[in-house]
1. Rounded, prolate or oblate: which fits the range 188-341 when a ≥ b ≥ c are the square roots of the eigenvalues of the alpha-carbon gyration tensor, with rounded for a/c under 1.5 and prolate only if a/b beats b/c?
2. Using 7 Å Cα-to-Cβ label points, what is the residue 159/residue 85 separation (nm, one decimal)?
3. Evaluate the distance, in nm, between pseudo-label points positioned 7 Å from the Cα of residue 51 and of residue 249 along their respective Cα→Cβ axes.
4. Hey, in the GNM for the chain with a 10 angstrom Cα cutoff, which one of 292, 62, 279 fluctuates hardest?
5. In a Gaussian network model over the chain where Cα atoms closer than 10 Å are linked, find which of 316, 69, 210 has the largest mean-square fluctuation.
6. Under a plain spin-label model, where a point goes 7 Å from the Cα along Cα-to-Cβ, how far apart in nm are residue 118 and residue 134?
7. First measure r as the distance between the Cβ atoms of residue 241 and residue 309, then evaluate 1/(1 + (r/R0)^6) with R0 = 22 Å and state the FRET efficiency to the nearest 0.05.
8. Have a look at 64, 242, 327 and tell me which one the Gaussian network model of the chain (Cα, springs below 10 Å) gives the largest fluctuation.
């Protein structure tokens, strides 16, 4: 029976000449879909020089609704002026490396330059914004350096340098001078921070990685309200009362300067799309942005507490904050017999 089914006369052989041809639409090369801008987005954006930018000319990853983003761009001209009014008088004008995150259309960039900042280093991920940033370099010759890089990915770049023996971090911070920890900050970051991961990575950069030899840092940034909660020392906020946040509060001074509407920052989050867990902590992230000053504490390091001690301190926190009811002294007595009262 099987021989009859698979005999030559019962087989159907499709040679290349007898294969059925596909329809023209299937054979045609697939065309890249033109993404649609959400209808509730602004129809135009003002650039630093007063010209108009169309949403279609901006990066797709900026002109959409999404929860997966590492950058936030402030694209509203009026709100950018409000942001500048909150921070511009406090930003050092000289003797510091001013790094602007996500300059976009150059709105805050021009405010910084007009205020007297000697040199601004603008770090922009998207090449679509370069058509507005490069002309700004010509208006302020020698005072603006546009660098094609996403400053939020510092941890990844530092990791690659360690594995591949490259010098990308040196290129990113070329021009920054080394200072002592007790001196004024050597690094000033201005812009918007999308998530707290950037602060975690910056903290370790300053403690025991590339930036540890350059001194202190200060940030004048817009952050989601959930990041502000991480700087509140309240054990009732169980989601934020963790070892990494305790070290964050110990390492940085935090001050809230004001609030801005979230709709001035792009991309937007999806409508009515909240986290299933801890929704009460993150719900306001789609409504407002906090303008904050975050500065490394001048007295964090001393003669009796160095960079290596900071690493040990973190592991101490990580071990003893796994549970809120952990008893520290009895645990010490297990490690070092007789050290207790």
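1. Here the range 188-341 falls in the oblate category.
2. For the pair residue 159/residue 85, the computed spacing is 4.2 nm.
3. Here the answer is 4.8 nm between the modelled labels.
4. Judging by the Gaussian network model, the answer is 279.
5. Judging by the Gaussian network model, the answer is 316.
6. 2.8
7. Efficiency, from the Cβ-Cβ distance: 0.45.
8. Among 64, 242, 327, the largest mean-square fluctuation in the Gaussian network model of the chain belongs to 327.
Bear in mind these aren't lab numbers, they're just calculated from the coordinates by the rules spelled out. Everything numeric in this text was worked out from a predicted model, so none of it was measured. FYI the Cβ positions are ideal-geometry reconstructions off the backbone, even for glycines, and counts take in every protein chain you see.
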